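J.: Dropping a structure here in structure tokens format, bear with me for questions.
The values are calculated or read from the model by the stated rules, or taken from the named source; none is laboratory data. Note that this is a predicted model, so its numbers are computed, not measured. Note that we place each Cβ from the backbone using ideal geometry, even for glycine, and neighbour counts take in every protein chain shown.
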Amino acid sequence: WPWVGDPADPVSMEKARKVRLAMSLDIDREGIAKSVMMDIGRPFYMYELSTDDPYWQNKWKMPYDPVKAKQLLTEAGYPNGFTFEYRSEPGGLELEVTEALASTWQTDLNIKTNITKVAYSTFRPSIINHTAVPWFCGDGVSTFPTLWPKGLTLSSHSDGGYSCNMESPVIAKIFADMNVTSDVNKQKELAFQFFDYLYDQQLVAGVAEFPGHAFYDPKKIVEWKMRPEGKGTGVINSPEWIKLAP
């Protein structure tokens, strides 16, 4: 798999990193948020970190740059692209986003994406035994507090259970260190290490996020800047951002 390197071979690891970076650079996040999500979505660049988050930094923004992407793919040894399998839900927004990604990768990089449309329940065993192909892993939601321990499902701390199908030793250490400190400054330092590492390695790539649907009385609440829906939170969240009418 072009995007997976051999940890015992630094050259192999760097080539794989360039492939991942090339594919991430060739994601038109703004276009997907505007067209596929009908302009109610917004670009999502970093796992578990929204551009609305107080800790967001523009250095983690990944531009849409097909020219740079093609250059990196050529440097990695794939000037003519390659073919790979990508799993998506059989329908709905996930499939629409997947098809948009596949179209762009084919056009810009000659990467052909064979989309496997299969329900999560059928796909799940391959996640557990680590044979899964790339897939739409939705656990990077930005509703998770920024200073929570980062990267559980990207590390061996998931203990052989649910994960995003990778076990990074770097992320495992960051998670372990964050899990035992209550020092806010140290938590922030480790969280930033996590974001910097993910940006550099592109082990996971955000695409776009969108809010849940909620209704409220504008005469009583003048503004409610909710973050996108997170697991277990429902569509009503971020009450700390409510601005009441005078």
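J.: Across segment 77-103, what is the total count of residues that are in contact with a Pro (Cβ under 8 Å, 6 or more places away or on another chain) and either in a helix (DSSP H, G or I) or free of Cβ contacts under 8 Å to residues at least 60 places away in the same chain (or both)?
T.: Counting residues in segment 77-103 that are in contact with a Pro (Cβ under 8 Å, 6 or more places away or on another chain) and either in a helix (DSSP H, G or I) or free of Cβ contacts under 8 Å to residues at least 60 places away in the same chain (or both) gives 3.
J.: Does any residue of segment 66-74 turn out to be buried (at least 16 other Cβ atoms within 10 Å of the Cβ), out of contact with any Pro (no Cβ under 6 Å at 6 or more places or on another chain) and part of a loop (DSSP other than H, G, I, E, B)?
T.: So the first thing to find is which residues in segment 66-74 are buried (at least 16 other Cβ atoms within 10 Å of the Cβ), and the list is 66, 69-70, 72-73.
Now drop any that are not out of contact with any Pro (no Cβ under 6 Å at 6 or more places or on another chain), which leaves 66, 69-70, 72-73.
Next, only the ones that are part of a loop (DSSP other than H, G, I, E, B) stay: none.
No, segment 66-74 contains no residue that is buried (at least 16 other Cβ atoms within 10 Å of the Cβ), out of contact with any Pro (no Cβ under 6 Å at 6 or more places or on another chain) and part of a loop (DSSP other than H, G, I, E, B).
J.: Pick from segment 163-191 the residues that are out of contact with any helix residue (DSSP H, G or I) (no Cβ under 9 Å at 6 or more places or on another chain) and touching a residue at least 24 places away in the same chain (Cβ under 8 Å): which of them is nearest to Thr51 (Cα to Cα)?
T.: For segment 163-191, the residue satisfying everything is Lys188.
J.: Go through (1) at pLDDT 90 or above; (2) of a type in the set (A, V, I, L, M, F, W, C); (3) over 15 Å from the mean Cα position of the chain (by Cα); (4) part of a loop (DSSP other than H, G, I, E, B) and name the single condition Ile40 misses.
T.: (1)
J.: Something else now. Could you identify the single residue in Ile40, Ile27, Ile32 that is within 18 Å of Asp200 (Cα to Cα) and β-branched (Val, Ile, Thr)?
T.: Values: Ile40 fails: within 18 Å of Asp200 (Cα to Cα); Ile32 fails: within 18 Å of Asp200 (Cα to Cα).
Going through Ile40, Ile27, Ile32 in turn, the sole match is Ile27.
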